[in-house]
1. Please tell me if Gly34 is exposed (fewer than 11 other Cβ atoms within 10 Å of the Cβ) and either modelled with pLDDT of 85 or more or in contact with a strand residue (DSSP E or B) (Cβ under 6 Å, 6 or more places away or on another chain) (or both).
2. Please enumerate the residues belonging to the range 21-50 that are part of a loop (DSSP other than H, G, I, E, B) and over 12 Å from the mean Cα position of the chain (by Cα).
3. Being without any contact (Cβ under 8 Å) to a residue 12 or more places away in the chain and out of contact with any Leu (no Cβ under 9 Å at 6 or more places or on another chain) narrows it down to one of Gly34, Gly28, so name that one.
4. Considering only the range 3-14, state which residues are at pLDDT 85 or above and either charged (D, E, K, R) or surrounded by 12 or more Cβ atoms within 10 Å (Cβ to Cβ) (or both).
5. Would you please name the residue that is farthest from Ala42 (Cα to Cα), looking only at residues in the range 15-24 that are surrounded by 13 or more Cβ atoms within 10 Å (Cβ to Cβ) and touching a His at 6+ places or on another chain (Cβ under 9 Å)?
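The values are calculated or read from the model by the stated rules, or taken from the named source; none is laboratory data. Keep in mind that this is a model prediction, so the values were computed, not measured. In this analysis, Cβ positions are derived from the backbone assuming ideal geometry, glycine residues included, and neighbour counts consider all displayed protein chains.
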Amino acid sequence: AGIAVLLVEQYLDFCRELADEVNIMDRGQIVHTGPAEDLDRADVRKFLTV
């Protein structure tokens with residue numbers, strides 16, 4: 001039994017410290033979901049590249 005919190009944050013390390021699971025949204029759609037510890041900078045860069 002956990003608590004769901006929507007955290008909008010730009011610092012990846014901070015997010016990984018706080019979250020067990022992460023979801024990345026792009027244009028209102030979830031494009032990635034998984035354990036926070038598995039998310040690395042290459043994944044984030046892929047989603048943030050314009």
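1. Values: exposed (fewer than 11 other Cβ atoms within 10 Å of the Cβ): no; either modelled with pLDDT of 85 or more or in contact with a strand residue (DSSP E or B) (Cβ under 6 Å, 6 or more places away or on another chain) (or both): yes.
In short, no.
2. Filtering the range 21-50 down to residues part of a loop (DSSP other than H, G, I, E, B) leaves 27-28, 39-40, 49-50.
Once the filter is applied, which keeps residues that are part of a loop (DSSP other than H, G, I, E, B) and over 12 Å from the mean Cα position of the chain (by Cα), the range 21-50 yields Arg27, Gly28, Thr49, Val50.
3. Working: Gly34 fails: without any contact (Cβ under 8 Å) to a residue 12 or more places away in the chain.
Step by step, each of Gly34, Gly28 is checked, and only Gly28 is without any contact (Cβ under 8 Å) to a residue 12 or more places away in the chain and out of contact with any Leu (no Cβ under 9 Å at 6 or more places or on another chain).
4. Asp13 - this is the single residue of the range 3-14 that is at pLDDT 85 or above and either charged (D, E, K, R) or surrounded by 12 or more Cβ atoms within 10 Å (Cβ to Cβ) (or both).
5. Across the range 15-24, the extreme among qualifying residues is Val22.
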